[in-house]
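For reference, the structure discussed in these notes is given below.
The values are calculated or read from the model by the stated rules, or taken from the named source; none is laboratory data. It should be emphasised that the depicted structure is a prediction, and the values quoted were computed from it without experimental measurement. Ideal geometry is used to build each Cβ from the backbone, glycine not excepted, and the neighbour counts take in all protein chains shown.
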């Protein structure tokens, strides 16, 4: 990788899969609580267009309140999984700044922000939504899988450049960890923040807190539509 990654702590360790031809776009994808970027890197490699770079950073290992303060890879602390649980506001904002640093690094190295899709699963999807809506750079879109919008009460509006941000939200209808209704509530909230026509919410029957081939086919279509070959 070119450029100085040391100023972007998450990038030095990230799983990065180069495109098979000149890279003109990128997908930055954030894993869920307790996971690493490796599994999602493998999954996304199967749907990677040849001109798109895929970056799957690893979350830092921190004590997580929800898991009795045990040390886990987590983007920020989680106190609970209901819409009214207290939230780690400073941790969420700090994590978002770290992801914005990756976006800025890619932009400096030739992939403009409007050719970058930000995505994630569960806690990573939550962070991707928060980051995109507070980002001062226009993005190509967001893929939000099995997740929610953190600090949702703080959103009267998105940053101006992402008012027309395409958002693909996917959720399993038997998700016991982050119930589908939280995803549906999030989709309604998002429609009040960005142009409502830009928000797509897809529900997958029989899918728990996980992914499936049908969901990844929807993600592939979204990436190909928003990051076409230049």
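What to note about this one:
- Candidates in region 74-92 are the residues that are in a helix (DSSP H, G or I) and free of Cβ contacts under 8 Å to residues at least 40 places away in the same chain; of these, the one that is surrounded by the most Cβ atoms within 10 Å (Cβ to Cβ) is 91.
- Scan region 45-73 for residues that are free of Cβ contacts under 8 Å to residues at least 60 places away in the same chain, under 27 Å from residue 222 (Cα atoms) and not in a loop (DSSP other than H, G, I, E, B) and the total you get is 5.
- Region 197-216, residues that are under 17 Å from residue 179 (Cα atoms) and either in contact with a helix residue (DSSP H, G or I) (Cβ under 9 Å, 6 or more places away or on another chain) or in a loop (DSSP other than H, G, I, E, B) (or both): 201, 202, 203, 204, 205, 206, 207, 208, 209, 210, 211, 212
- Residue list for region 15-34, filter: touching a residue at least 40 places away in the same chain (Cβ under 8 Å) and either part of a strand (DSSP E or B) or surrounded by fewer than 21 Cβ atoms within 10 Å (Cβ to Cβ) (or both): 15, 16, 23, 24, 25, 26, 27, 28, 29, 30, 34
- Figure legend. Inter-residue proximity from region 202-225: first residues at positive phi, second residues not in a helix (DSSP H, G or I), beta-carbon distance below 9 Å, spacing 6+ or different chains. Indicated pairs: 206/172; 206/173; 206/174; 206/212.
- Selected residue (only one of 44, 66, 30, 81 is within 18 Å of the chain's Cα centre (by Cα) and at pLDDT below 95): 81
- Qualifying position, being part of a strand (DSSP E or B) and modelled with pLDDT of 95 or more, among 168, 149: 168
- Contacts under 8 angstrom Cβ, first residue in region 158-177 being at negative phi and touching a residue at least 60 places away in the same chain (Cβ under 8 Å), partner buried (at least 20 other Cβ atoms within 10 Å of the Cβ) and part of a loop (DSSP other than H, G, I, E, B), 6 or more apart: 166/140; 177/122; 177/146
- All of 3, 39 fail the test of being at pLDDT below 95, over 17 Å from residue 97 (Cα atoms) and not in a loop (DSSP other than H, G, I, E, B), apart from 39.
- Members of region 105-146 that are part of a helix (DSSP H, G or I) and touching a residue at least 60 places away in the same chain (Cβ under 8 Å): 105, 106, 108, 115, 123, 124, 125, 127, 128, 129, 133
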